[in-house]
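Enquirer: I have a structure here, written as structure tokens, and I will follow up with some questions on it.
The values are calculated or read from the model by the stated rules, or taken from the named source; none is laboratory data. Only a predicted model underlies this, so the values are computations on that prediction, with no experimental measurement involved. Glycine also receives a Cβ, built like all others from the backbone with ideal geometry; neighbour counts cover every protein chain displayed. With ligands, DNA and RNA removed, areas are computed over all heavy atoms of the protein, side chains included. Shrake-Rupley method; radii C 1.70, N 1.55, O 1.52, S 1.80 Å.
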Amino acid sequence: MAVITAAQAADGGWTWGQTAALIVPCIAFFGAFLTYALNQRAVRKERRAKTFAEALTAVEEYLEMPYRIRRRPKSSSAVRQQLTDEVSGLLARMAFHQAWLQIEASEVAGPYATLVATARAEAGAQMSLAWQQPPITSDGGMNLGVPNPRDRSNAARATCLEMMRRHL
């Protein structure tokens, strides 16, 4: 077995300087790659959190529609048209978010679909009752007193939120 001396290595072999010249750029490249990967992960997490928040906002706005209908200023075709257009827009937004979640975070799509169905059942019935009430004509009438029950929607929202937190 031949032992290579420092002098022989310096004459034509591999040196520590050459080794360092290879290792330093590799470490720098790895550091840059790691930084890029972590930044991309943070961007994806932020985008997903925003998607989740927008999806939940659409449901929350839908759950508020019985109050908007009940507090309508007058009974006219223009007011009815405006409020029903808002309801239709919210239904479309919730359907959009449901489809988006099936693509972006399929694990969350099921709990979100349950939340939407529950909200539609609760708020839908409450909207029907709100339309049957006369328009509010005084400031005192704006305070409706008792909130509409949202127990099932709140429970479905909590389940959906927990799943969203797990998939951030």
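Enquirer: In region 62-87, how many are within 14 Å of Gln126 (Cβ to Cβ), open to solvent by 20 Å² or more (accessible area, probe 1.4 Å) and in a helix (DSSP H, G or I)?
Expert: Total meeting the criteria: 5.
Enquirer: With the structure loaded, tell me whether Gln102 is among the polar types (S, T, N, Q), part of a helix (DSSP H, G or I) and buried (at least 18 other Cβ atoms within 10 Å of the Cβ) or whether it fails that test.
Expert: On the way: among the polar types (S, T, N, Q): yes; part of a helix (DSSP H, G or I): yes; buried (at least 18 other Cβ atoms within 10 Å of the Cβ): no.
No; evaluated as a whole, the condition is false for this residue.
Enquirer: Separate question: With the condition kept exactly as written, say whether any residue in region 44-63 is among the β-branched types (Val, Ile, Thr) and over 14 Å from Leu101 (Cβ atoms).
Expert: At the first step, the residues of region 44-63 found to be among the β-branched types (Val, Ile, Thr) are 51, 57, 59.
Now drop any that are not over 14 Å from Leu101 (Cβ atoms), which leaves none.
No, there is no match, as no residue in region 44-63 is among the β-branched types (Val, Ile, Thr) and over 14 Å from Leu101 (Cβ atoms).
Enquirer: Consider Ile136 against the criteria (1) closer than 30 Å to Arg47 by Cα; (2) open to solvent by less than 70 Å² (accessible area, probe 1.4 Å): it satisfies all of them except one. Which criterion is unmet?
Expert: Going through the list (1) closer than 30 Å to Arg47 by Cα; (2) open to solvent by less than 70 Å² (accessible area, probe 1.4 Å), Ile136 breaks only (1).
Enquirer: Taking the condition of being in contact with a Phe, Trp or Tyr (Cβ under 8 Å, 6 or more places away or on another chain) and closer than 20 Å to Arg120 by Cα, how many residues in region 136-156 meet it?
Expert: As a first pass, look at region 136-156 and keep what is in contact with a Phe, Trp or Tyr (Cβ under 8 Å, 6 or more places away or on another chain): 144, 148.
Imposing the further condition that a residue be closer than 20 Å to Arg120 by Cα reduces the set to 148.
Looking only at that region, the number is 1.
Enquirer: Within region 12-61, track down each residue that is of a type in the set (A, V, I, L, M, F, W, C), open to solvent by less than 40 Å² (accessible area, probe 1.4 Å) and not in a helix (DSSP H, G or I).
Expert: Passing the criteria: none in range.
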